[in-house]
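The values are calculated or read from the model by the stated rules, or taken from the named source; none is laboratory data. Everything numeric in this text was worked out from a predicted model, so none of it was measured. All Cβ positions, glycine included, derive from the backbone under ideal geometry; neighbour counts span all protein chains shown. For the accessible areas, the whole protein counts, side chains as well, though only heavy atoms, and no ligand, DNA or RNA atoms are used. Shrake-Rupley method; radii C 1.70, N 1.55, O 1.52, S 1.80 Å.
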Amino acid sequence: MFTNLMTILGFLPFAIGSVYAILSSSLLVMLFAGIIGGIFAGPALSCMHDAIFRGFRDAKLRCFRDYTHALRQNWRQAILPGILFCLLLGFDIFMAMLFWWSASFPGWGTIALYLFSILIVTMCFSTIWPQIVLFEQPFLRSAGNCLLFMLRYFPRVLGTALLQMLYWIALALFLPWSVVLLPLTGFWFILYTADFLLYDTLNNSFHIEEQIARAYPEQVPFYEDDEAWIRRKQQAENDDAGRTAR
């Protein structure tokens, strides 16, 4: 929830700029909103995905400490994707307002092409953000991996992208009342769902847990069943009794 609130704050400059661009009917303002907003939104989104993937690995979560660590680790390589994401999102928002302002209803082909462009962008960034969080690599390499991953697991990536689109469209249709849900569900709910559906395929393709275990052994979870726990406790009690007797 803390990371969700920080992500909302990270998108606040982009949201303010987008509203001003719509009120002023200025595409130039939307361009600046995408650039400036992406500088803040990109690192915020990377921290959101970092918290989600830590949860998937059952790593210990320390809230503020983990957030600041993820911010220091990812903010540089998250700025460029954040700017690209906000620019594309801003143009989509502005295009939707052009449809609204238009004197005649646009053709169904235009609407289909518009929705298809949003779907492609959502599919791409659904696999780019996890790479930014998990690996230190150039953005072009992440983009290449994204295309290969989409081709190999197209149905799964398509399904997660459609879920995200439906979620955000539903929130947009019920504005301004849906704003109340942002602090509760906001970004974390849909991103958690999408990453959960993609995690197994991402792990099989990029060996996430194996690489994390080598780089950060302290994040590897420790599991044991009840019988193993009882045996370990009994062994510890026997060792304590032996040391006391000696």
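As a ratio to 2.2 N^0.38 Å, the alpha-carbon radius of gyration for the chain is 1.24.
Can you send over the carbon and sulfur percentage of the accessible area for the chain, probe radius 1.4 Å, protein chains only? Kindly include the intermediate steps, with their values, before the conclusion.
Working: 10370 of 14760 Å².
On the chain, the fraction of accessible area on carbon and sulfur atoms equals 70 percent.
Calculation over all alpha carbon pairs of region 56-134 in 5 angstrom steps from 0 returns a P(r) of 3, 11, 17, 17, 14, 11, 9, 7, 6, 4, 1, 0 percent.
Shape class of region 16-72 from the alpha-carbon gyration tensor: prolate, with a/c at 1.5 or above and a/b greater than b/c. Please determine, in degrees from 0 to 90 and to the nearest 10, the orientation of helix 27-56 with respect to the longest principal axis defined by the Cα atoms of the chain, where the helix direction is its Cα long axis. Taking Cα atoms only, the helix is inclined about 20 degrees.
Using a Gaussian network for the chain with springs between C-alpha atoms less than 10 Å apart, which of these wobbles most: CYS86, CYS47, CYS63? So, out of CYS86, CYS47, CYS63, the one fluctuating most is CYS63.
A 1.4 Å probe run over the chain, with the rest of the protein chains in place, finds 60 Å² accessible per residue.
If I take R0 = 41 Å and measure r between the Cβ atoms of SER26 and ASN204 in this structure, what FRET efficiency does the formula 1/(1 + (r/R0)^6) give, to the nearest 0.05? After rounding to 0.05, the efficiency reads 0.35. Free of any chymotrypsin sites (Phe, Trp or Tyr not before Pro) that DSSP assigns to a loop and that have at most 15 other C-beta atoms within 10 Å, the longest stretch within the chain is 1-134. Net charge dipole, the chain: roughly 420 debye, given to the nearest 20, about the Cα centre with Cβ charges of +1 for Lys and Arg and -1 for Asp and Glu.
Please build a GNM for the chain, connecting alpha carbons under 10 Å apart, and tell me which residue among THR127, THR160, THR193 fluctuates the most. In this elastic network of the chain, the residue with the biggest mean-square fluctuation among THR127, THR160, THR193 is THR193.
Sum up the charges of everything whose Cβ sits under 12 Å from the Cβ of ARG72, counting Lys and Arg as +1 and Asp and Glu as -1, but leave ARG72 out.
Neighbourhood net charge equals 0.
Given region 85-126 reduced to its alpha-carbon atoms as identical point scatterers, what log10 I(q)/I(0) does the Debye formula return at q = 0.26, 0.30, 0.32, 0.34 Å⁻¹? Debye curve over Cα of region 85-126, log10 I(q)/I(0) at q = 0.26, 0.30, 0.32, 0.34 Å⁻¹: -0.93, -1.08, -1.14, -1.18.
In the elastic network of the chain, a GNM with C-alpha springs shorter than 10 Å, the most mobile of MET97, MET48, MET165 is MET97. Comparing ALA236, PHE32, LEU163 along the charge dipole axis of the chain, the residue lying farthest to the positive side is PHE32, per the Cβ-charge model. All other residues whose Cβ lies under 12 angstrom from that of MET6 are scored, Lys and Arg at +1 and Asp and Glu at -1, for a net of -2.
Sites counted here are GluC sites (Glu not before Pro) in a DSSP loop (not H, G, I, E or B) having no more than 12 other Cβ atoms within 10 Å; the longest part of the chain that contains none of them is 1-135.
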